[in-house]
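Input: a single structure, listed below in structure tokens.
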Amino acid sequence: MSAVNDTKFKSAVFLLTGIPGQEDIQNVWIFLPFSLTYGISILGNSVILFIIKTDPSLHEPMYIFLSMLAITDLGLSISTMPTVLGIYLFNSREICFDVCFAQLFFIHLLQCIESSMLSWMAFDRFIAICDPLRYASILTLPKIAKMGLVCVLRGVAVMLPLTILLKQFRYCRVNVLSHSYCMHQEVMKMACSDIRVNNIYGLFTKLLTMGLDLLPIFLSYVMILKTVLSIASNAECLRALNTCVFHLCAVLVFYTPDIFLSGMYRFGKSSSPVLQILMGYISLLFPPLWNPIVYSVKSKHLRAKIIRMFIK
């Protein structure tokens, strides 16, 4: 009997779901905006990476952090694109356990890394505005490389045990997921084992990663505002704040939908399933789409390089 159960566990699959109530138009009208979103995200982040890598004048801490953010956004888009487009183009709903666990690991890992990147970018703006004379000596290339390595190692250390615990569960319930990709909260609910450890650890990881990252972002901007308001000239004050606008946009776009989605899963039991699905798409698809657009528009140097590249 145990052998039979093990066989069922290893050969079982999850069934992914698209947008409820839109099954009749999923083949074309929903596939097109999703494919356009992925195309713009991948192209935009790739262009930013190419320009920063090939232009020595952009080898500054702010742009190096931006290139790290672009790599993370690229990974986030690529990790969800096969299953999302597969559903809306080929109606391919089945995903095996191992692939599902790998996908959810990379999704949550990359979200954790992006959260860390936004925190370091807030620190970058804090040093640039509050202590500009020491900016180059504090944020050197070796230190930035170590910061990026810390972000990756922290994400792996936090998310790998979560995925391993999830894989140890027995899955004997209805295996239909409500999203077109695998998420920890969704897969955990499919288990017929005791999930209290994963539930508590999942909340702990959310507080340990995004909760701790929001704190230095908040403190950095408190110090930035304090420094900027002490500047006598209004023009200089606005110029200093303008360098923070694109980072603030990236922070709001990343954290707002994720906080709402986490609240819906843990406290909004009666919330609309369609709203959960749409919020899930926004939290995963919108930051990789929005970040290259807002940075290209707001950064004068980057915008000039992009225009020059396409004109050539």
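The values are calculated or read from the model by the stated rules, or taken from the named source; none is laboratory data. If you're wondering where the values come from, they're calculated on a predicted model, not measured in any experiment. We place every Cβ from the backbone using ideal geometry, glycine too, and count neighbours over all the protein chains shown.
List of remarks:
- Beta carbons closer than 7 Å, at least 6 apart along the sequence or on distinct chains, pair a first residue in region 221-247 that is without any contact (Cβ under 8 Å) to a residue 60 or more places away in the chain and under 19 Å from Tyr295 (Cβ atoms) with a second that is surrounded by 14 or more Cβ atoms within 10 Å (Cβ to Cβ) and of a type in the set (Phe, Trp, Tyr) for Phe246/Tyr295.
- Within region 169-195, the residues that satisfy the criterion of being without any contact (Cβ under 8 Å) to a residue 40 or more places away in the chain and within 26 Å of the chain's Cα centre (by Cα) are Glu186, Met188, Lys189, Ala191, Ile195.
- Test: residue in region 276-299 that is touching a Cys at 6+ places or on another chain (Cβ under 9 Å), at pLDDT below 80 and either surrounded by fewer than 13 Cβ atoms within 10 Å (Cβ to Cβ) or charged (D, E, K, R) (or both): yes
- The residue pairs whose first member lies in region 283-312 and is in a helix (DSSP H, G or I), whose second member is basic (Lys, Arg), and whose beta carbons are closer than 6 Å, counting only pairs six or more residues apart or on different chains, are Ser296/Arg303.
- Taking region 32-66 as the range and being farther than 20 Å from Gly148 by Cβ, crowded, with 19+ Cβ neighbours inside 10 Å and either more than 21 Å from the chain's Cα centre (by Cα) or of a type in the set (Phe, Trp, Tyr) (or both) as the test, the residues that pass are Phe34, Tyr38.
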